[in-house]
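Participant: First the structure, then my questions, so here it is.
Coordinate-derived values only; no laboratory data. Just so it is clear, the structure is predicted and the values come from calculations on it, not from any experiment. Neighbour counts run over all protein chains shown; Cβ positions are idealised from the backbone, glycine included.
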Amino acid sequence: MRKLIYLVIDGAPDRLVDKPTSLEKAFKPGLDSLARKAKGGMVYTIAKGVAPESDAAVLSILGYDPYKDYTGRGPLEALGVGLKIREGYEVAFRANFATIDAKTLRIIDRRCGRDLTSEEARELAKAIDNLELEVYDGYARVIATVGHRAVVVIGSKSHKLSDNIENTDPAYKRHGKLSIAVKNYERKITKCKPLDTTIEAKITAELVNIFTKKVIEILETHPINNERAKKGKLKANAILLRDAGARLPKVENINTKFKRSFASIVEMPVERGIAVLLGMHDEKVPPPTKDKKADYELRLEKTLKLIDKYDVVYVHLKGPDEPAHDGKFEDKVKSIEQIDKYYVQPLINSIDLSKIAILVTSDHTTPWTLRTHTDDPVPFIVVAKNLEPDGLNRFTESECYSKGKLGIIEHGWLLLPKILKIIE
C-alpha cells in the first residue's frame, strides 16, 4: 500500500477567466515539476453552485459528504481549541473581531485591518468571556484563536437552544447547515433571526442579539482599542458570528473508513477540530508567523517524520487565502512561491516518489479579483510511480482543466477515495 502526502494550499486558485491567475504568475518550480509527473483534473470541492467555507470544503475533500455529515462550523472551531459544547443548551459559532461604526452598526472592516494580534485578541476576549446575557439564564463564552478569529459559545443554564438561526456576519448566508459566501452584501451587522418558528430558535436569536449589543458597548472603549485608535489602527469593537452549530457531526473514523492511518498538520482551529473529529493524529504546530521560511521548514520536518509512521499525512497551509481575501494579487503570488520554495521543493528532494505519492489541491477558490470564495472548481494533481503523466506543463487551473485526464470531479468527497484507489 503506497503512502500519501496530501497537500492542500488554502484558496490558491483563481477562476479560469482571471488572466493571469495567481498560480500562472507564480514562480513555483517545485509544483510545476510535480505537474509534469502527474495526472490531474479539476474538482468542485462541494458542488457546482456552492461557494464553500473552508470547514465544509475540508470535510468534503477528506471524503465526507457535508450534506450528510456537517452540523455547522462552530462546534468544529470549538473542538479545535479544546472546547466541547453542551448539546441542547449551547450553540457554538465561528467569530471575527471586526471594526464597526458603533452608532450605525456599519461594518468598516470585517477583520480589523488584519493587524489585530493574537495577544490583543486574547485581552479583548477576556473582557467579554463569561458574559451574562440578562434573559433566559443566558451566557456567552469567548475564546480568541488566531489574529482576528475567535470561537463564541452562546448558552443557557435552563433553556434549550437551537442552531437554526441566521448569521450576524452579512458576508455569509445560511443554506441549511452550510454557510455560503455572498458576493454583494450590505455592510452592516445583520440582526440574528430564527430560521424556524420554534421557541428554541427564538430564544437563541434573542441571546445572540443581546450578546452583539453588549460586546460593542464593552469593546468600544476598551484600553486595547483606545491604544489602537491612538496608533491610527482600526478598533476591534464588534464580533461577527456565523455558522452556528449545536452538536458535533457523528462520522466514521477516517482510519477505519479508508483502512489507512492518518496524521494531520494544520494551522487553524477549524482544521484542527476536523482532524480531531475524524480521528487523525493531530501534529500540533504553532500558528503561522511572518517568518514563512521557518514556518514551512518546521511543517516539512513534521511531514517527513509523520510519513514514516502513518499511511496518509494531510497538510493544510493557509498561505494564499488571506491576501486573496484582501485583493492583493502580488501578495497572493508571493505566498504560493514561498510554499513552493520552503516546503514543496525540499519535500520533493527529501522523499522517494517511487514509494510515496503526492496529492496537491485546494479547499476552494479565492479569486483575488473578488476577495471571496467562489464555486469554481479547483485544480488537483497526483503523482505516483504507477501513474502515467497527463502531459501537464505547470500546476495551474487551465492546465489541469484542459489536459487533466481525471476530468472534472463533481463533488469533493469523491476525490480522496478515487486517488487512494488509483495509487494502490
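Participant: Could you tell me, in Å, what Rg and Dmax come out for the Cα atoms of the range 7-165?
Facilitator: Rg then Dmax for the range 7-165, in Å: 19.9, 62.
Participant: Then there's this: Roughly how many whole Å is it from the C-alpha centroid of the range 61-98 to that of the range 120-177?
Facilitator: Going from one Cα centre to the other spans 12 Å.
Participant: What FRET efficiency would be calculated for the residue pair Glu252, Val285, taking the C-beta separation as r and a Förster radius of 30 Å, to the nearest 0.05?
Facilitator: Values: r = 26 Å, r/R0 = 0.88.
That gives a FRET efficiency of 0.70.
Participant: Where the centroid of each part is defined by its Cα atoms, how far is the range 315-345 from the range 256-271 in Å?
Facilitator: Here the two parts' Cα centres lie 22 Å apart.
Participant: Please report, to one decimal in angstroms, the Kirkwood hydrodynamic radius of the range 190-295 built from all distinct Cα-Cα pairs.
Facilitator: Computed over the range 190-295, the radius equals 18.0 Å.
Participant: Could you tell me how many degrees, from 0 to 90 and to the nearest 10, lie between the Cα long axis of helix 269-278 and the main elongation axis, the longest principal axis, of the Cα atoms of the chain?
Facilitator: 70
Participant: Here's a follow-up. Work out, in µm²/s and without decimals, the Stokes-Einstein translational diffusion coefficient of the range 294-375 at 25 °C, 0.890 mPa s, Rh from Kirkwood over C-alpha pairs.
Facilitator: Rounded to a whole number, D works out at 175 µm²/s.
Participant: If you line up the long axis of helix 292-309 against the longest principal axis of the chain, both from Cα atoms, how many degrees apart are they, to the nearest 10?
Facilitator: 70
Participant: Which aspartates and glutamates, if any, have their Cα less than 17 Å from the Cα of Lys103, not counting same-chain residues under 8 positions apart?
Facilitator: Glu186, Glu217, Glu220
Participant: What trypsin sites (Lys or Arg not before Pro) in the range 123-198 are in a loop by DSSP, with at most 10 other Cβ atoms within 10 Å of the Cβ?
Facilitator: Sites meeting the loop and neighbour criteria: Lys157.
Participant: Please go through the residue pairs Lys3/Lys293; Lys28/Lys188; Lys332/Lys403; Lys250/Lys418; Lys213/Lys250; Lys25/Lys173 and name each one whose alpha carbons sit more than 30 Å apart in this structure. Don't skip to the end; give the middle numbers.
Facilitator: Values: Lys3/Lys293 26 Å; Lys28/Lys188 40 Å; Lys332/Lys403 25 Å; Lys250/Lys418 23 Å; Lys213/Lys250 34 Å; Lys25/Lys173 32 Å.
Violating the 30 Å limit, Cα to Cα: Lys28/Lys188; Lys213/Lys250; Lys25/Lys173.
Participant: Let me ask something else about it. To the nearest 10 degrees, how steeply does helix 199-219 sit against the main Cα axis of the chain, on a 0 to 90 scale?
Facilitator: 80
Participant: Based on the Cα coordinates of the range 278-424, what is the per residue volume of their convex hull in Å³?
Facilitator: Considering the Cα atoms of the range 278-424, their hull volume per residue is 135 Å³.
Participant: While we're here: So how far, in whole Å, is the C-alpha centre of the range 377-424 from the one of the range 276-295?
Facilitator: Value for the Cα centre distance between the two parts: 26 Å.
Participant: What are the extents of the Cα atoms of the chain along their three principal axes, listed from largest to smallest and rounded to whole Å?
Facilitator: In descending order, the Cα extents are 64, 46, 37 Å.
Participant: How far, in nm, would the chain grow between Ile408 and Thr369 when pulled straight, counting 0.36 nm per residue and subtracting the alpha carbon separation?
Facilitator: On the way: separation 39, 0.36 × 39 = 14.04 nm, distance 2.36 nm.
Additional length available on full extension: 11.7 nm.
Participant: Which order, highest average first, do 300-312, 242-254 follow once you tally other Cβ atoms within 10 Å for each residue and take the mean per peptide?
Facilitator: The peptides rank, most packed first, as 242-254, 300-312.
Participant: For the range 76-245, what mean projected area does the convex hull of the alpha carbons give, in nm²?
Facilitator: Averaging across all directions leaves 9.2 nm² for the Cα convex hull.
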